[in-house]
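Below is one structure, written out as structure tokens; the observations come after it.
Where a number appears in this text, it was derived from the coordinates with a stated rule and is not lab data. Remember, it's a predicted structure, so these values are computed and weren't measured experimentally. Here the Cβ is made from the backbone with ideal geometry for all residues, glycine too, and neighbour counts use every protein chain on show.
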Amino acid sequence: MTTYGLYQPVDDSLAWEVLKPLTKLGRALGELKVEVDIPESIPFLNIPAGKIDVQRLFYWHVCKAFYKHDWTLDELNHINFDWYRPKNCHRHTAEEVQTWCAEAGLIIESSMSRNPA
């Protein structure tokens, strides 16, 4: 079996295909519609205590495998492609962005919930 580092110089069409199994996993987890009750927070993994959908737990704390019930496989794969493919990609916490906006005198009118329905 060949493994691919998506940050390596591979063709975009190959990277697209390589991500499809991950996208299918995200979809399968989402279709379970199962919640797990985390009995105690796990701070070093930033996992809070309480109920969380299995797909959301996986997405937020293990591996980004996007799922939205009314999206096609290609739409889901596009989100995963966008997440994993860029060579120069940075991720930031909501708190970091809020701080930058405050320092720049910007007002945040809305923001996406971390756990959308």
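With the simple model of a label 7 Å out from the Cα in the direction of the Cβ, residue 20 to residue 38 spans 3.3 nm. Residues whose amide H comes within less than 5 Å of that of residue 47, counting only those at least five positions distant or on another chain, are 42 (H built at 1.01 Å from N in the peptide plane). By other beta-carbon atoms within 10 Å, ranking 84, 67 with the fewest at the front produces 84, 67. Only DSSP H runs of four or more residues enter the estimate; each adds -39500 (n - 2.57), and after division by the residues of the chain the mean residue ellipticity at 222 nm equals -13500 deg cm²/dmol. Extension gain, residue 100 to residue 84, is 3.3 nm, computed as 0.36 nm per intervening residue step minus the present C-alpha separation. By the count of neighbouring beta-carbon atoms within 10 Å, fewest first, 19, 29 end up ordered 29, 19.
Evaluated with a Cβ-only charge set (Lys, Arg +1; Asp, Glu -1), the chain carries a dipole of roughly 260 debye about its Cα centre, given to the nearest 20.
On full extension, the segment bounded by residue 69 and residue 31 gains 12.9 nm, given 0.36 nm per residue less the C-alpha separation. Taking other Cβ atoms within 10 Å as a rough exposure proxy, 91, 27, 85 sort from fewest to most as 91, 85, 27. Taken along the Cα-to-beta-carbon direction at a fixed 7 Å, the label points for residue 45 and residue 109 span 3.9 nm.
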